[in-house]
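Undergrad: Here's a structure for you.
The values are calculated or read from the model by the stated rules, or taken from the named source; none is laboratory data. The shown structure was predicted, so the numbers you read here are calculated from the model rather than taken from an experiment. Every residue, glycine among them, receives a Cβ derived from its backbone with ideal geometry; neighbour counts consider all protein chains shown.
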Amino acid sequence: MSHQALYRKFRPKTFDDVLGQEHVIRTLKNQIKTDNIAHAYLFSGIRGTGKTSTAKIFSRAVNCLNNHDGNPCNECEICKSILDETNMDVIEMDAASNNGVEDIRELRDKVNFLPVKSKYKVYIIDEVHMLSKGAFNALLKTLEEPPEYLLFILATTEPQKIPATILSRCQRFDLKRINTSVIVESMKKICEEIGVEYDEKALKLIASNSEGAMRDAQSILDRCLSFNNNEKVDYETVIDLLGTVNYQVILEAANCIVSRDIKNTMILVDNILNEGKEVSIFLDELIICFRNMLIIKTTNSTDNLMRISEEESEDIKRLSSKISVDEIVRIIEELSVTQLECKRALNSRVILETRLIKMLHSINNADEIMNKIQELENSFKNNSIPVKQATADIKRASIKDDEKKPSIVINKMPEQTISESYETQKSTEPEQSSGNSENKSDEAIYNAIMNGWQTILKKIRSENAGLQAIIRESQLCEVSNKKAVFEFDPKFTFHISAANQPKNRQKFKEVLSSFLNEECEVEFIIKGEEKPKSSLPAMEDVYEDLKNEFGEEIVEFKQED
Ligand SMILES: Nc1ncnc2c1ncn2[C@@H]1O[C@H](COP(=O)(O)OP(=O)(O)OP(=O)(O)O)[C@@H](O)[C@H]1O
Ligand SMILES: [Mg+2]
Ligand SMILES: [Zn+2]
C-alpha cells in the first residue's frame, strides 16, 4: 500500500479548511462571492502556513462552476480537473527550478492564448523570490497589462526579495504563524480520522516545536507514527524524535540555577548530556524557560509564553517568584553567550559546564560579598565617618571621593541583591534617630541622617513640598563639627542656588535639628567642590581593606582624570 505523507493527505481542500488565517480567507471568499478578482496576488509568510494550499484553492474557487459561499465545490468538472492536474488553464510553476528569463518568456508567450475551458487562466508561481532579475522583468511586462482572463498567484517565504515594481502590482496577503492550540486541535482531528491513539501532551509538544508552521507539526506527527507503527503518538517518542529535553528536566535545571545550586545543576547537565541530548537544544530550552519567567514577571500574565502548556506555566510562575527581573536578564544573557560559544567550540560540553559553574559562582559570590561587606561595616563601626559612608555607598555599587574623584567599584554584583540587602538593613534600623542624646558625635549625626533620610524628607515635605523636591536631589557627604554637608551633582544648578537661599537653608536646618534633637548646621556644595578636610582614612586605605577582603578582581579602584 502506498504511503502518502500526512501533509499531502491533509492538504486543505476548501478555504474553510485553511486554519488560523481567517483574516486572509474572509477577504478572498468575499472577492469571489462578489466577483471582484484582481489580476495578481501575493501570498507571503513563514513556511508551512498554507500559502501554496491557499493558492491552489483560489485557483479552483475562481473557476468553480458551483461555488459554495466562496469555496470551490471540488466536485464539478473544472474543480476535478484542477485537482487531478489535467486542467491546462491552471499552471503551477516552481520558481526554484524554473527561474530563468526563458521560463518566464515562455510563460509570456502562452498567456496570450485564451483559457481552454475555464474562466481564468491561472499561473501559480511558488517560491517566486527565486526568480532571476531578468525573469522578474519579463514577469513585470505581463503584469503591466494583463488580459481580463489572466490571474497570477505568487507565493513566497521571502517577500523582501521581490522587487517593489512587482509588489506594487499585487494584492498582498501575509499568512501568519498558526496558534499552538489550533495546531493541536488539527492534529487531534487527524489522529482521530486515521484512528491512532494520542497523548495530548505529545501533541502539545509537537505543536510548540513547530513554531506556528502546520506542515512542520504534521511532519513530526508523521515521523512519530512511523516510529510507533502507526499505533500511537506518545510523549516519550516525540521527545526522542525532537531530540528535545523533557520539560520537567528543564524546569528542574532552571530551579537549580535559581537556587544557585551548583552541584545539582552539574548532575542534571551530566544526565541530560549522557542521554545524548544536544548542548544547543538544552541551552535553547533553558533560555526559553527563563524568557518565559521574564514575561510572567514583567507582564504579570501567562499569555505569550513559548513552548509550554497551561499547567507548565504555573510551574514557571512559581519559579519566577524566587528570582528578580535583573537576575533573570543576567542569566539569559549569560546563557546566550554560552550558546554562542558552544556553537563555535570543539567540545561544547566543557564550555557549557565551565560557563554554568562560573555563572552560578558569580551569583553566589555576590551574596558572599554582601555578607563580607556587612561584617566589614560592623568592624568599622567605631571608625571614621568616611569609612561608614564608604561602606554605605558600596551598597549602591560604588564609592566616590570628590577630592580626587577616584571611586571603588564592586564588580559582578547583581543590583537586586544589593538593593534588597540595603532595604533589609534599613528596615531593621529605627527610622528615627535614637533620641535624646544631647551631645551626639559627628558620626552619630551622620548615621542618624543617613538612616533617617526618608523620614527627614517626609518631614520637609509636610512643611514645604517644593523644598523637599530640591533637597531630595542632594546627598549627605560629611558631618564635621556639627555641620552636615550635602552635595549636589553639578547638573542641578537650580537646586543648589535654591537650597542656598537663606530662607530655605534655615527651614532645612530647623527640620534637621528637630529630627536630630540637636542643633545642626547645614551646608550645600556642588559635587567636586572643596569641602572641609578630614583627618580620617583616605579612600586608598578603604580600598586596601576591601581589596584584601575580596580580591582585586571584585573591587576596582578607579581614578578619574
Ligand atoms: N493554514 C493551514 N491550515 C491547515 N493546514 C495547513 C495550513 N498551513 C499548512 N497546512 C498543512 O501543511 C501542508 C503544507 O502547506 P502549504 O504547502 O500550503 O504551506 P506553504 O505555506 O506553502 O509552505 P512553504 O512555505 O513551505 O511552501 C498542507 O498540506 C497542510 O497539510
Ligand atoms: Mg508553498
Ligand atoms: Zn467546483
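Undergrad: Give all pairs with beta carbons closer than 7 Å in which a residue from the stretch 335-361 that is over 20 Å from Asn264 (Cα atoms) and in contact (Cβ under 8 Å) with a residue 60 or more places away in the chain meets a residue that is surrounded by 14 or more Cβ atoms within 10 Å (Cβ to Cβ) and of a type outside the set (A, V, I, L, M, F, W, C); count only pairs at least 6 apart in sequence or on separate chains.
TA: From the stretch 335-361, the pairs are Cys342/Ser280; Cys342/Ser348; Lys343/Ser280.
Undergrad: I'd like to know if the stretch 31-44 contains one or more residues that are within 10 Å of ligand 1 (Cβ to nearest atom), modelled with pLDDT under 95 and not aliphatic (A, V, I, L, M).
TA: No, that holds for no residue.
Undergrad: Now a separate question. Collect the residues in the stretch 57-75 that are in a loop (DSSP other than H, G, I, E, B) and within 10 Å of ligand 3 (Cβ to nearest atom), keeping them in residue-number order. I'd like the intermediate steps shown before the answer.
TA: The initial filter retains those residues of the stretch 57-75 that are in a loop (DSSP other than H, G, I, E, B), namely 62-67, 69-70, 72-75.
Answer for the stretch 57-75, where residues must be in a loop (DSSP other than H, G, I, E, B) and within 10 Å of ligand 3 (Cβ to nearest atom): Asn63, Cys64, Leu65, Asn66, Asn67, Pro72, Cys73, Asn74, Glu75.
Undergrad: Also: Of the conditions (1) more than 17 Å from Leu516 (Cβ to Cβ); (2) surrounded by 20 or more Cβ atoms within 10 Å (Cβ to Cβ); (3) free of Cβ contacts under 8 Å to residues at least 40 places away in the same chain, Ala484 satisfies every one except a single condition; which number is it?
TA: Among (1) more than 17 Å from Leu516 (Cβ to Cβ); (2) surrounded by 20 or more Cβ atoms within 10 Å (Cβ to Cβ); (3) free of Cβ contacts under 8 Å to residues at least 40 places away in the same chain, Ala484 violates only (1).
Undergrad: Sticking with this one: Within the stretch 42-56, can one find any residue that is surrounded by fewer than 18 Cβ atoms within 10 Å (Cβ to Cβ) and part of a strand (DSSP E or B)?
TA: Within the stretch 42-56 (the criterion being surrounded by fewer than 18 Cβ atoms within 10 Å (Cβ to Cβ) and part of a strand (DSSP E or B)), the answer is no, since none of the residues qualifies.
Undergrad: Glu106 fails exactly one of the following numbered conditions: (1) modelled with pLDDT under 95; (2) of a type in the set (Asp, Glu); (3) buried (at least 18 other Cβ atoms within 10 Å of the Cβ). What is the number of that condition?
TA: (3)
Undergrad: Here's a follow-up. State which residue is nearest to Pro72 (Cα to Cα) when the search covers only the stretch 31-50 and only residues that are away from ligand 2 (no atom under 16 Å from the Cβ) and in contact (Cβ under 8 Å) with a residue 60 or more places away in the chain. Write out each step before concluding.
TA: Our first condition is that a residue be away from ligand 2 (no atom under 16 Å from the Cβ); within the stretch 31-50, this holds for 31-40.
Of the ones still in play, those that are also in contact (Cβ under 8 Å) with a residue 60 or more places away in the chain are 37-40.
Working: Ile37: 15, Ala38: 18, His39: 19, Ala40: 19 Å.
Filtering first and then ranking leaves Ile37.
Undergrad: Quick one: in the stretch 497-541, which of the residues that are modelled with pLDDT under 70 and in contact with a Phe, Trp or Tyr (Cβ under 9 Å, 6 or more places away or on another chain) is farthest from Gln475 (Cα to Cα)?
TA: Among residues in the stretch 497-541 that are modelled with pLDDT under 70 and in contact with a Phe, Trp or Tyr (Cβ under 9 Å, 6 or more places away or on another chain), the one farthest from Gln475 (Cα to Cα) is Glu540.
Undergrad: Let me ask something else. When the stretch 144-185 is examined, which residues are found to be of a type in the set (Gly, Ala, Ser) and within 29 Å of the chain's Cα centre (by Cα)?
TA: Scanning the stretch 144-185 gives a single hit, Ser181.
Undergrad: Among the residues of the stretch 321-337, how many are under 14 Å from Ile296 (Cα atoms), in a helix (DSSP H, G or I) and not acidic (Asp, Glu)?
TA: 3
Undergrad: Which is at pLDDT below 95, away from ligand 3 (no atom under 16 Å from the Cβ) and touching a Lys or Arg at 6+ places or on another chain (Cβ under 7 Å), of Ala138, Ala155?
TA: Ala138
Undergrad: Then there is this: Taking the stretch 1-33, which residues are in a helix (DSSP H, G or I), more than 10 Å from Gly70 (Cα to Cα) and either of a type in the set (Asp, Glu) or in contact with a Pro (Cβ under 7 Å, 6 or more places away or on another chain) (or both)?
TA: Correct list: Asp17, Glu22.
Undergrad: Among what's in the stretch 173-182 and is in contact (Cβ under 8 Å) with a residue 40 or more places away in the chain and away from ligand 2 (no atom under 16 Å from the Cβ), pick the residue that is surrounded by the most Cβ atoms within 10 Å (Cβ to Cβ).
TA: Among them, the one singled out is Val182.
Undergrad: State whether one or more residues within the stretch 225-239 are of a type outside the set (D, E, K, R) and within 16 Å of ligand 1 (Cβ to nearest atom).
TA: From the stretch 225-239, those of a type outside the set (D, E, K, R) are 225-230, 233, 235, 237-239; that's our starting set.
Adding the requirement that they be within 16 Å of ligand 1 (Cβ to nearest atom) leaves 225.
Yes, there is a match, as at least one residue in the stretch 225-239 is of a type outside the set (D, E, K, R) and within 16 Å of ligand 1 (Cβ to nearest atom).
Undergrad: Tell me which of these Glu22 doesn't satisfy, since it passes every other one: (1) free of Cβ contacts under 8 Å to residues at least 24 places away in the same chain; (2) within 16 Å of ligand 2 (Cβ to nearest atom).
TA: Of the numbered conditions (1) free of Cβ contacts under 8 Å to residues at least 24 places away in the same chain; (2) within 16 Å of ligand 2 (Cβ to nearest atom), the odd one out for Glu22 is (2).
Undergrad: Here's something else I'd like to know. In this structure, does Glu92 turn out to be in contact with a Lys or Arg (Cβ under 9 Å, 6 or more places away or on another chain), within 11 Å of ligand 3 (Cβ to nearest atom) and charged (D, E, K, R)?
TA: no
Undergrad: Can you tell me which residue within the stretch 71-94, out of those that are closer than 22 Å to Pro147 by Cβ and out of contact with any Ser or Thr (no Cβ under 7 Å at 6 or more places or on another chain), is farthest from ligand 1 (Cβ to nearest atom)?
TA: Checked the stretch 71-94; the qualifying residue farthest from ligand 1 (Cβ to nearest atom) is Met88.
Undergrad: So, one more: Which is within 15 Å of ligand 1 (Cβ to nearest atom), surrounded by 15 or more Cβ atoms within 10 Å (Cβ to Cβ) and either over 23 Å from Arg8 (Cβ atoms) or among the β-branched types (Val, Ile, Thr) (or both), of Val128, Val122?
TA: Of Val128, Val122, the one residue that is within 15 Å of ligand 1 (Cβ to nearest atom), surrounded by 15 or more Cβ atoms within 10 Å (Cβ to Cβ) and either over 23 Å from Arg8 (Cβ atoms) or among the β-branched types (Val, Ile, Thr) (or both) is Val128.
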